[in-house]
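Participant: I am attaching a structure below and will ask some questions about it afterwards.
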Amino acid sequence: MAIELKRYEHNPIVTPADVPPSSPDLEVIGAFNAGAALVGDEIVLLLRVAERPISADSRRVGIPRVDLSETGGHIEVEWVDRDVPELDLSDPRGILYKGRQYLSSVSHLRVARSRDGFHFAIDPKPTVVPSTPYEVYGVEDPRITPIDGAYYVSYTAVSPMGVCVPLLRTTDFVHFERLGVIFPPENKNVVLFPDRSSGRYAAFHRPAGSAFGSTPDIWLAYSPDLLHWGDHRRLMGTRAGMWDAGRIGGGAVPIETPKGWLAIYHGAVGSRYCLGTVLLDRDAPHRVLGRSVDPIMTPIEPYERAGFFGSVVFTCGAVRRSDDEVLVYYGAGDSTLGVAMTSVSELLETVEPVSALTAA
Ligand code: MAN
């Protein structure tokens, strides 16, 4: 069944203006793609906060990176004249300079808390900042998975070494234990499942496409301890001619239902990102039981179509508040955070059995 998730009427619920920068020489250009978890009677978000150097001279652009030589790290900036021929600023997310790719902003993660799921108190300071050589271009797109009384945060780390996925563990969202890189470059969109399947932990991951024509597809891996991952399988691919033809990646933490694991993933064609659903076998989640044919969310609202990088809805977290009610937190236009209200039953109705799909 085709649906379009119902948005909260006062979206966006977080904008860059709500987030104080980590330093006066930086401006917040995005507060989006938040991980989300139910913690006691609160909903806790880890917002991705993207900051850009403020230029005193509009003829120059700043290339930011984190300098780890000082404790806590600070963002150092290389200033480049906008009219030099070796500079390409055509994608606002990046800076291509002298044949090398950089990011135009550096992201950190910041806690925000709410009792009703719609109004959030945002911490005045960053919570997780880039701290290792794998993170000097930023930490992005966290997923928070509750497992055995703790919260595990898998996120994207960007550096000259590539894009990889470290893991953090916390119980209070104040202290974070660093558990190291669990998926090496080029990989992202790692989403840990909240419970074991047949005795093993499971995770989505998304290796980059290859020169042999493979597209960026969703893979599934298993682990005995959340740190060592193996038995990798390509779980599902892009679908030619459809809304998820270009690339796909895991989104929110899967929800356990009587029918199996229900997950929301993203799919893109060019720079337009939508969300869809997939249903996996409870005991063997490398088996796809069904998938939505149509997207469940497309960028249609003005704040989803505009923004820093327009026509994007992208989720890193959905919270099941009661047996049926689900709140989907999503980044809109790589700028702001919105929330959509749905239910387990509505999401399950969007899933078409695998036999009815063109290519799963
Ligand atoms: C990539 C990631 C996301 C971002 C989308 C859309 O998948 O960098 O963080 O939201 O692109 O720009």
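The values are calculated or read from the model by the stated rules, or taken from the named source; none is laboratory data. This structure is a prediction, so every number in the text was calculated from the model and none was measured. Because the Cβ atoms are built from the backbone with ideal geometry, glycine has one as well, and the counts that use them run over all protein chains shown.
Participant: When the range 202-238 is examined, which residues are found to be charged (D, E, K, R), farther than 22 Å from residue 134 by Cα and either within 16 Å of the ligand (Cβ to nearest atom) or surrounded by 15 or more Cβ atoms within 10 Å (Cβ to Cβ) (or both)?
Facilitator: 217
Participant: Give the residue that is farthest from residue 150 (Cα to Cα), with candidates limited to residues of the range 178-201 that are among the basic types (Lys, Arg) and surrounded by 14 or more Cβ atoms within 10 Å (Cβ to Cβ).
Facilitator: Ranking the qualifying residues of the range 178-201, first place goes to 188.
Participant: Hey, another quick one. Quickly run through the range 270-283 and pick out the residues that are away from the ligand (no atom under 16 Å from the Cβ) and surrounded by fewer than 16 Cβ atoms within 10 Å (Cβ to Cβ).
Facilitator: Scanning the range 270-283 gives 281, 283.
Participant: Among the strands (runs of 3 or more DSSP E) lying completely within the range 120-177, list those that include at least 3 residues that are in contact with an Asp or Glu (Cβ under 8 Å, 6 or more places away or on another chain) and either at pLDDT 95 or above or surrounded by fewer than 19 Cβ atoms within 10 Å (Cβ to Cβ) (or both).
Facilitator: In the range 120-177, 150-159, 162-170 are the strands (runs of 3 or more DSSP E) which contain 3 or more residues that are in contact with an Asp or Glu (Cβ under 8 Å, 6 or more places away or on another chain) and either at pLDDT 95 or above or surrounded by fewer than 19 Cβ atoms within 10 Å (Cβ to Cβ) (or both).
Participant: So which pairs qualify, if the first residue must be in the range 118-131 and among the acidic types (Asp, Glu), the second must be assigned to a strand (DSSP E or B), the Cβ gap must be under 6 Å, and the two must be at least 6 apart or on different chains?
Facilitator: Final answer for the pair search is 123/110; 123/111.
Participant: Take the range 236-268 and flag every residue that is of a type in the set (A, V, I, L, M) and in a loop (DSSP other than H, G, I, E, B).
Facilitator: 240, 242, 245, 252, 253 - these are the residues of the range 236-268 that are of a type in the set (A, V, I, L, M) and in a loop (DSSP other than H, G, I, E, B).
Participant: Could you list, in sequence order, all residues of the range 139-164 that are under 13 Å from the mean Cα position of the chain (by Cα) and on the phi > 0 side of the Ramachandran plot?
Facilitator: Passing the criteria: only 141.
Participant: Also: Please specify each residue of the range 3-28 satisfying the condition of being outside any loop (DSSP other than H, G, I, E, B), among the β-branched types (Val, Ile, Thr) and either over 21 Å from the mean Cα position of the chain (by Cα) or surrounded by fewer than 22 Cβ atoms within 10 Å (Cβ to Cβ) (or both).
Facilitator: 28
Participant: Determine if the range 29-52 includes at least one residue that is over 25 Å from residue 150 (Cβ atoms), more than 16 Å from the ligand (Cβ to nearest atom) and at pLDDT 95 or above.
Facilitator: No, that holds for no residue.
Participant: All but one of (1) within 16 Å of the ligand (Cβ to nearest atom); (2) not in a loop (DSSP other than H, G, I, E, B) hold for residue 289; which doesn't?
Facilitator: The one condition residue 289 does not meet is (1).
Participant: Pick from 264, 255: which is within 16 Å of the ligand (Cβ to nearest atom) and either within 22 Å of residue 153 (Cβ to Cβ) or surrounded by fewer than 24 Cβ atoms within 10 Å (Cβ to Cβ) (or both)?
Facilitator: Exactly one of 264, 255 is within 16 Å of the ligand (Cβ to nearest atom) and either within 22 Å of residue 153 (Cβ to Cβ) or surrounded by fewer than 24 Cβ atoms within 10 Å (Cβ to Cβ) (or both), namely 264.
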